[in-house]
Structures are given as C-alpha cells and as structure tokens.
Amino acid sequence: MTAPLPTIRAVCFDLDGLMFNTEHVFYESAEVLLGRRDLAMSRGAMDAMLGRRPLESFQALVDFLNLTEKPADLLAESRVVFHELLETRLEPMPGLFELLDLIEARGLPKGVATSSPRDYLENVFGRFELLPRFPVALTAESVTLGKPNPEIYLKAAQQLGVAPAEMLVLEDTQTGTRAGAAAGAFVVSVPHEHTSTHDFSQASYIATGLNDPFVIGLVENAVR
C-alpha cells in the first residue's frame with residue numbers, strides 16, 4: 001500500500017546545488033585551490049565538505065587530505081577563486097523559477113535554509129531579484145549548530161508558522177537531508193552529479209529535479 005502524502009503548508013529550500021549550480025562552481029574552485037598544492041580534488045573530498053557551514057567544510061577538507069594548513073586560510077583563498085568563477089558560471093537549476101511561481105500562486109509560505117553565510121546568500125539572490133521573495137532566510141549565522149543538526153529546519157518551520165511535518169524541505173546533499181529528516185520535515189532530495197552517490201535513505205522521496213512531477217504535485221495539492 002502506498003503511504004499517504006503529507007499535508008504540506010510551506011516549502012523550505014536549501015541553496016547551494018539545489019537552487020543554483022554553486023556546488024559545480026565550488027568543485028571547480030576547489031580544483032584550482034588544491035592544484036596550487038599539487039593535489040587533486042576528488043568525489044570523496046567533495047562528499048566530506050558538502051552541506052556544512054564554510055569553516056566546518058574546510059575543516060573536513062583538511063581532515064580528509066591530512067593537510068597542515070589552517071581551514072580559515074584555505075577558506076579565505078577559496079572564496080577569492082570561487083567568486084571570480086561565479087561571475088561567469090552561476091546558473092539557476094532547471095525548474096527553479098517555475099516552482100517558485102507555482103508556490104507563490106498557491107499562496108504558500110516559503111523560505112531558504114542554507115549553511116552558507118548571509119552576505120553570500122544576498123549576493124546570489126540579489127543577482128536574480130530573489131531577496132524580496134524570501135522573507136524567511138536562515139543562514140550559517142542563524143544557528144548554533146550546522147547541518148546535519150536539525151536546528152536550522154526547526155527554526156524555519158517556526159518562522160514559516162507550520163509544524164515541521166507540514167513543511168516540504170528540498171535538499172541536494174545527504175547532510176542537508178539528514179537535517180531535514182531529523183527536524184521531522186517531509187524531505188525531497190534532488191541529487192546532482194556531485195551528490196548522486198550520497199546516502200538519501202532518510203529522504204521521503206528522491207526527485208529527478210525541481211520540476212519532478214512528484215514535487216509539482218505536492219505543491220499543487222498543498223494546503224494554504
């Protein structure tokens with residue numbers, strides 16, 4: 001018997017790799033960073049870093065590669081490379097704006113919950129006039145504990161005015177999926193080429209993209 005679909009009253013997005021192709025840009029910037037040290041970026045290193053707050057992410061890289069450099073120094077250098085690449089590489093993920101339009105047409109509250117810092121969120125959103133469309137925007141500075149801890153999604157549900165079980169969470173990494181599931185949200189994971197091997201066993205559904213018919217159906221049948 002197929003399990004009944006949940007009552008969805010709000011939607012919460014992750015940012016990197018879910019709304020925009022920034023994970024792809026990050027991988028490219030990491031290749032540059034490690035190439036300067038005669039090292040190579042790998043899927044394993046990427047898996048260790050994805051979904052975490054910036055400093056935690058680079059601590060994971062240091063641990064994974066047994067580097068002697070400080071995570072903060074690597075982060076600072078990486079940001080320079082990343083933002084240079086962002087100018088020509090940044091693109092929305094397929095179906096993003098169509099899904100946002102549908103959510104707004106249905107009158108559903110929506111938010112974003114990202115492990116990235118607020119100035120970065122404002123930079124990316126500002127390029128696409130998205131800031132006014134997301135009055136609920138939680139970032140790395142909004143929580144004490146980063147993903148996979150559920151704190152950010154519990155706060156998102158509270159600010160959106162719904163119970164966690166009534167919130168659709170859209171994620172692209174196993175770290176974020178674990179955070180949403182631990183919060184008690186209905187999590188739909190949307191893997192891409194850099195997260196296709198992640199463990200999404202805690203997701204309620206694994207989608208092919210933001211335009212997956214299942215995602216569209218959840219929003220179309222959501223309760224205002």
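The values are calculated or read from the model by the stated rules, or taken from the named source; none is laboratory data. If you're wondering where the values come from, they're calculated on a predicted model, not measured in any experiment. So basically every Cβ, Gly included, is an ideal-geometry build from the backbone, and we count neighbours across all protein chains shown.
Can you pull out the residues in segment 66-115 that are part of a loop (DSSP other than H, G, I, E, B), of a type outside the set (Asp, Glu) and closer than 27 Å to Leu218 by Cα?
Our first condition is that a residue be part of a loop (DSSP other than H, G, I, E, B); within segment 66-115, this holds for 66-70, 90-91, 93-95, 106-109, 114-115.
Now narrow it down to the ones that are of a type outside the set (Asp, Glu): 66-68, 70, 90, 93-95, 106-109, 114-115.
Selection gives Met93, Pro94, Gly95, Arg106, Gly107, Leu108, Pro109, Thr114, Ser115.
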Of the residues in segment 195-213, those that are touching a Ser or Thr at 6+ places or on another chain (Cβ under 9 Å) and of a type outside the set (D, E, K, R) number 10
When every residue in segment 1-51 that is in contact with a Gly (Cβ under 8 Å, 6 or more places away or on another chain) and among the small types (Gly, Ala, Ser) is compared, the one nearest to Leu160 (Cα to Cα) is Ala10
Practice prompt. Inspect segment 53-63 for any residue being outside the structural domain of Pro164 (by TED's automatic domain parsing), out of contact with any Pro (no Cβ under 6 Å at 6 or more places or on another chain) and among the β-branched types (Val, Ile, Thr) and give the result as yes or no.
Written response: no
Glu28 vs (1) touching a residue at least 40 places away in the same chain (Cβ under 8 Å); (2) more than 23 Å from Ile152 (Cα to Cα); (3) crowded, with 20+ Cβ neighbours inside 10 Å: all pass except (3)
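For segment 132-147, indicate whether the set of residues that are outside the structural domain of Ala60 (by TED's automatic domain parsing), among the charged types (D, E, K, R) and either crowded, with 22+ Cβ neighbours inside 10 Å or within 14 Å of the chain's Cα centre (by Cα) (or both) is non-empty.
First pass over segment 132-147, keeping only residues outside the structural domain of Ala60 (by TED's automatic domain parsing): 132-147.
Narrowing further to those that are among the charged types (D, E, K, R): 133, 141, 147.
Right, trim to either crowded, with 22+ Cβ neighbours inside 10 Å or within 14 Å of the chain's Cα centre (by Cα) (or both) and you get 147.
Yes: segment 132-147 contains one or more residues that are outside the structural domain of Ala60 (by TED's automatic domain parsing), among the charged types (D, E, K, R) and either crowded, with 22+ Cβ neighbours inside 10 Å or within 14 Å of the chain's Cα centre (by Cα) (or both).
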In segment 63-76, anything surrounded by fewer than 16 Cβ atoms within 10 Å (Cβ to Cβ) and either touching a residue at least 40 places away in the same chain (Cβ under 8 Å) or touching a helix residue (DSSP H, G or I) at 6+ places or on another chain (Cβ under 6 Å) (or both) is listed as Phe64
By residue number, the members of segment 39-53 that are farther than 21 Å from Ala140 by Cα and assigned to a loop (DSSP other than H, G, I, E, B) are Leu39, Ala40, Met41, Ser42
Here is a check on your reading of the model: is Glu151 in contact with a Lys or Arg (Cβ under 6 Å, 6 or more places away or on another chain) and either on the phi < 0 side of the Ramachandran plot or of a type outside the set (Phe, Trp, Tyr) (or both)? no
- request: Inspect segment 87-107 for any residue being outside the structural domain of Gly146 (by TED's automatic domain parsing) and of a type in the set (Gly, Ala, Ser) and give the result as yes or no.
  value: no
Gly95: passes all of (1) closer than 26 Å to Phe200 by Cα; (2) surrounded by fewer than 14 Cβ atoms within 10 Å (Cβ to Cβ) but (2)
